[in-house]
Amino acid sequence: MATASVGAPLVPRRRFLGRPIPAEGANGLFTQSWFPLCLSSQVAKGQVRGVDFLDGRVVIFRGENSRAQVLSAYCPHVGADLSVGEVLGNTIRCAFHHWQYDQRGVCVKTGIGDPPPPGACLFNFPTAEKYDLIWAFNGETPLFELPDFPYPEDELAIQVEAFEGALPVDPWVLCCNTPDMQHIKALHGVTFDQEDPDEDIEWTPYSMLYDFKGRHANGEPIEYRIGIYGTSIFYQSSIFDGRWFGFLAPFGLPRPGRATTYMIVVARKSDSDTASTEAFLQFAMQLEKKVVGEDVPIMQTIHFQPGTLTKSDKALSKFFQYLRDYPRAHPSAEFIT
């Protein structure tokens, strides 16, 4: 058998890498997805809240009509941050010179009575309030709707929690866990009753969903429908040990390379036994927290990039291409920075 000569230089091995996926903010663009900004309870009627979003800052305010609206944060007069302003009726008033903006982001009044300049406007983000969260879409018009569960909302009990801190990855990195069959099996201990559902995944330009049956880490029988909406929302409709619950994990984007995490658990209401429903919600939330907790130390340290894949990575590889092809834009750029 041939052996390497003593002292012979080692030939470095080359690492095979796939084509990169654009990071959020690359070339000044962000994926056109829905992103959660805060809990609904954090913006009461007559209140305003400022948050970082994309590569800038926005405000959420709730007017007299109870509607929450997301607008760019900086007054176009001289740039004061509207988060320190005041809500008057269905308008927000700048603290500096008392210019007022309606829920469309249009200046309707100045503090000293000058006519509002025609260009005095804020960027009006498409805004939704669903599952006790306030969401903004990165774009002028939403490309898709927020996902629904199989049962009407008025039949569902809900529990929402914000995961503490931000993870040092873009939201889409977290979403790559869902088509990653090796991740589901190896890290979370889930077993499938069938072959990997690579050929059965339902793909659209703005989502991917698939079904599987199997067993959870402790052996409980599960029947899951899971997937990703946009680049920032994990969806799960579950039958766990014979009982249904739904789970969403939407990821916020406070700035490039950072993701905030919310956890939403829903279950069907039981008119006869509210305590049982609440107990089941608590159980489901703890179950999902455990799964998220297994991911956190990895996401805090990962240097994510498409690398050397195997035959078990067919769905993950296709999701990488989904992300490469995903529409990107930044129409609010001149307003929020």
Name the single residue, out of those in segment 128-145 being among the acidic types (Asp, Glu) and touching a Ser or Thr at 6+ places or on another chain (Cβ under 8 Å), that is surrounded by the most Cβ atoms within 10 Å (Cβ to Cβ).
GLU129
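Report whether or not ASP148 is farther than 25 Å from VAL296 by Cα and surrounded by fewer than 16 Cβ atoms within 10 Å (Cβ to Cβ).
Yes: the conditions hold for ASP148.
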It is to be established whether one or more residues within segment 244-267 are farther than 24 Å from GLU164 by Cβ, touching an Asp or Glu at 6+ places or on another chain (Cβ under 6 Å) and of a type outside the set (S, T, N, Q).
no
Does segment 284-292 contain any residue that is in contact with a Phe, Trp or Tyr (Cβ under 6 Å, 6 or more places away or on another chain) and under 21 Å from PRO147 (Cα atoms)?
yes
Within segment 15-30, is even one residue closer than 22 Å to GLY230 by Cα, part of a strand (DSSP E or B) and out of contact with any Leu (no Cβ under 8 Å at 6 or more places or on another chain)?
no
Where residues in segment 154-190 are part of a loop (DSSP other than H, G, I, E, B) and farther than 26 Å from GLU220 by Cβ, which of them is nearest to the chain's Cα centre (by Cα)?
ASP170
Considering THR231, THR274, THR204, which residue is modelled with pLDDT of 95 or more, exposed (fewer than 14 other Cβ atoms within 10 Å of the Cβ) and either farther than 22 Å from CYS38 by Cβ or touching a helix residue (DSSP H, G or I) at 6+ places or on another chain (Cβ under 7 Å) (or both)?
THR204
Taking the options TYR210, TYR151, name whichever one is at negative phi and part of a loop (DSSP other than H, G, I, E, B).
TYR151
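Of the residues THR301, THR261, THR310, only one is at pLDDT 95 or above, surrounded by fewer than 17 Cβ atoms within 10 Å (Cβ to Cβ) and not charged (D, E, K, R); which? Walk me through how you get there before you give the answer.
On the way: THR261 fails: surrounded by fewer than 17 Cβ atoms within 10 Å (Cβ to Cβ); THR310 fails: at pLDDT 95 or above.
Testing whether each residue is at pLDDT 95 or above, surrounded by fewer than 17 Cβ atoms within 10 Å (Cβ to Cβ) and not charged (D, E, K, R) leaves just THR301.
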Which of the strands (runs of 3 or more DSSP E) found entirely inside segment 231-332 contain at least 2 residues meeting this: without any contact (Cβ under 8 Å) to a residue 60 or more places away in the chain?
233-240, 243-252
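The values are calculated or read from the model by the stated rules, or taken from the named source; none is laboratory data. Quick caveat, the model's predicted, so the values are computed rather than measured. All Cβ positions, glycine included, derive from the backbone under ideal geometry; neighbour counts span all protein chains shown.
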